[in-house]
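The values are calculated or read from the model by the stated rules, or taken from the named source; none is laboratory data. Please read all numbers here as calculations on a predicted model, not as lab measurements. So basically every Cβ, Gly included, is an ideal-geometry build from the backbone, and we count neighbours across all protein chains shown. For accessibility, only protein heavy atoms count, side chains too; no ligands or nucleic acids. Shrake-Rupley method; radii C 1.70, N 1.55, O 1.52, S 1.80 Å.
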Amino acid sequence: VETAKMNWASYRDYDLPLETRKKESAVTEAERGLERAQKRAEAQLSAKGARVQQKKVQLSRVQSHIKRTKKQLDKMTIKAPTDGTVLYGDPDNPWNVENIKVGGQVWHNMTLMTLPDPSEMAAVVQVHEADIDKVKLEMPAFITSEMQKDVIFDGEVIKIGTVANAGRRRWGGDNVKRFKVELTLKGENLNLKPGTSARVEIQIGEVPDVLAVPLQAVFAKEGKHYCFRSNGGKPERVEVEPGQSNEAFVEIKSGLDEGHKVLLYDPEVAEEGEEAEEADQDERVEEEPAKEPSKP
């Protein structure tokens, strides 16, 4: 009993306080470790959260890129809305057709293909600047295609260009100004191919019951117009007043009567040419040196 009491007193006075302090120190150290672990976990969680947010942004960018790429990929296949003949490029800009090929570059608003509507055909002609004022909208026209030369189609002027040579590049060509005029072809089942050539005659007016002579019979000089009438086999110059004309004939308002015969050439110019030729021959004869008589 005494030994037990002494052991108890020794444990109570020495061992218990020592173990208590050790346990308290271990608890304090564990609390500090827990606090450090919590802070480290919070830092790692924050870093993980930032990386997750970054990955979400990257994922959103990748998804947008995939969506955009799929949309572009779908546009790589061009489907015609209707049946017909496909033309490469823009018919108004034929110089860009060579750029449309495998591996070629494309750009925004570039016309890759054109699908004409054969049910609504139109003809495009270039009208000289001297004649463009004669052409008006809704004027009738006669159109002949090179495919069907024996068929005459009815047409109508639907558009007149406002700028000369608009949309046309002329390298090494003439300097003549021309205006683009569009005409629609009337009728159904025209059976024509886009891009083919055609001859167009626009009716700018009709002049009934007029006196007309060939264009070659009218000559202009010093602001006046003349015809040479055959008077008993001799040419006679007659001043005339011309009116409207086409590609073959010109209207004569005054100066000639029906039944008069006119010359298709200017006899005065022909006579001047003959006189000049005779004078030139005389001059060559005078300049020719005299030849010495031959010796026997």
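Matching the structure-derived percent of Cα pairs over 24 Å apart against the labelled list (i) 78; (ii) 57; (iii) 50 gives the label (i). Here r is the Cβ-Cβ distance between Lys159 and Thr196 and R0 is 25 Å; the resulting FRET efficiency, rounded to 0.05, is 0.80.
The phi-based Karplus calculation (6.51 cos²θ - 1.76 cosθ + 1.60; θ = phi - 60°) puts the 3J(HN,Hα) values of region 5-18 at 5, 5, 5, 5, 5, 5, 5, 5, 8, 10, 5, 4, x, 5 Hz, whole numbers, x for Gly and Pro. Between the beta carbons of Glu222 and Ile152, assuming R0 = 45 Å, the FRET efficiency works out to 0.60 to the nearest 0.05.
Each residue was assigned an accessible area with a 1.4 Å probe, and for Glu268 the value is about 60 Å². Note that the chain presents 81 Å² accessible area per residue, ligands and nucleic acids not counted, probe 1.4 Å. Here the label points at Gln44 and Lys177, each 7 Å from Cα along the C-beta direction, are separated by 8.5 nm in the simple model. Shown is the FRET efficiency for Gln126 and Glu258, computed with R0 = 45 Å from the Cβ-Cβ distance and rounded to the nearest 0.05: 0.75. The alpha-carbon atoms of region 22-79 define a convex hull whose volume equals 47 cubic angstrom per residue. Cα centroid separation, region 1-78 to region 173-241: 100 Å. Taking the Cα centre of the chain as origin and assigning +1 to Lys and Arg Cβ atoms and -1 to Asp and Glu Cβ atoms, the resulting dipole is close to 5140 debye.
Annotation: extensible slack from Arg12 through Lys134 equals 30.8 nm (criterion: 0.36 nm per residue apart, minus Cα-Cα distance). Heavy-atom surface analysis with a 1.4 Å probe gives region 40-91 a carbon and sulfur content of 57 percent of its accessible area. Taking the average, over residues, of other Cβ atoms within 10 Å as the packing measure, peptides 206-216, 34-44 rank 206-216, 34-44 from highest down.
The largest accessible area among His65, His225 belongs to the first residue in His65, His225, and the rest follow in falling order (1.4 Å probe, all chains).
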